[in-house]
Amino acid sequence: MNIDTMPACPFPYHGPPELQRSIVAALKQVVDPELALSVVDLGLIYGVEIDSHKACVTMTMTSVACPVTDLIAEDVEDELEHVLPAGTWVEVVLVWEPAWTPERMSDSARRFME
């Protein structure tokens, strides 16, 4: 698929174009167990940067007090390790600014929450 015809990525992505679809698909497999929605649909992924040796995922949680933060971060790492080239190190960077708001959710996530 030509990069010009690829669907828009739901978060900023900087990396090999041929990996973008599999990265998005892998991150959609990571579900917040409290809300039963993917981290992508919740808008928790703020960006992904990939170079030849490392994948860095910048993300947040719906709350600083989220009790499943470590579980979600581990799931992100696990899912990405399945689609990245062997030996690529995955780093999850949690940020709290800008703060997450429900406006970051996808339309399907909003419908689900209604």
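The values are calculated or read from the model by the stated rules, or taken from the named source; none is laboratory data. Please read these numbers as outputs of a predicted model, since none were measured by experiment. For neighbour counting, all protein chains shown are included, and Cβ atoms are generated from backbone atoms with ideal geometry for every residue, glycine included.
Residues in segment 78-114 that are surrounded by fewer than 11 Cβ atoms within 10 Å (Cβ to Cβ) and either in a loop (DSSP other than H, G, I, E, B) or touching a His at 6+ places or on another chain (Cβ under 9 Å) (or both): A86, G87, W96, E97, P98, T101, E114. Count of segment 84-114 residues, restricted to those that are under 11 Å from A55 (Cα atoms) and in contact with a helix residue (DSSP H, G or I) (Cβ under 9 Å, 6 or more places away or on another chain), is 6.
Within segment 23-77, can you find the residues that are part of a loop (DSSP other than H, G, I, E, B), touching a Leu at 6+ places or on another chain (Cβ under 8 Å) and modelled with pLDDT of 95 or more?
The first filter runs over segment 23-77 and keeps only residues part of a loop (DSSP other than H, G, I, E, B), leaving 29-30, 33-36, 43-44, 51-53, 60-68.
Next, only the ones that are touching a Leu at 6+ places or on another chain (Cβ under 8 Å) stay: 33, 35, 60-62.
Answer for segment 23-77, where residues must be part of a loop (DSSP other than H, G, I, E, B), touching a Leu at 6+ places or on another chain (Cβ under 8 Å) and modelled with pLDDT of 95 or more: T60, M61.
Residue by residue, here is whether (1) of a type outside the set (D, E, K, R); (2) under 10 Å from the mean Cα position of the chain (by Cα) holds:
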position	(1), (2)
A25	yes, yes
L37	yes, no
D41	no, yes
I50	yes, no
A55	yes, no
T69	yes, no
E81	no, no
V92	yes, yes
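Step by step: first the residues of segment 22-71, then only those that are among the polar types (S, T, N, Q) and surrounded by fewer than 16 Cβ atoms within 10 Å (Cβ to Cβ), then the one that is farthest from D107 (Cα to Cα). Which residue is that? Among those that are among the polar types (S, T, N, Q) and surrounded by fewer than 16 Cβ atoms within 10 Å (Cβ to Cβ), it is S52. Restricting segment 11-21 to residues that are out of contact with any helix residue (DSSP H, G or I) (no Cβ under 6 Å at 6 or more places or on another chain) and within 20 Å of W100 (Cα to Cα), the residue that is surrounded by the most Cβ atoms within 10 Å (Cβ to Cβ) is F11.
Within segment 70-84, can one find any residue that is touching a Pro at 6+ places or on another chain (Cβ under 6 Å) and not charged (D, E, K, R)? Lay out the reasoning, then the answer.
Here is the first cut: in segment 70-84, the residues touching a Pro at 6+ places or on another chain (Cβ under 6 Å) are none.
No, that holds for no residue.
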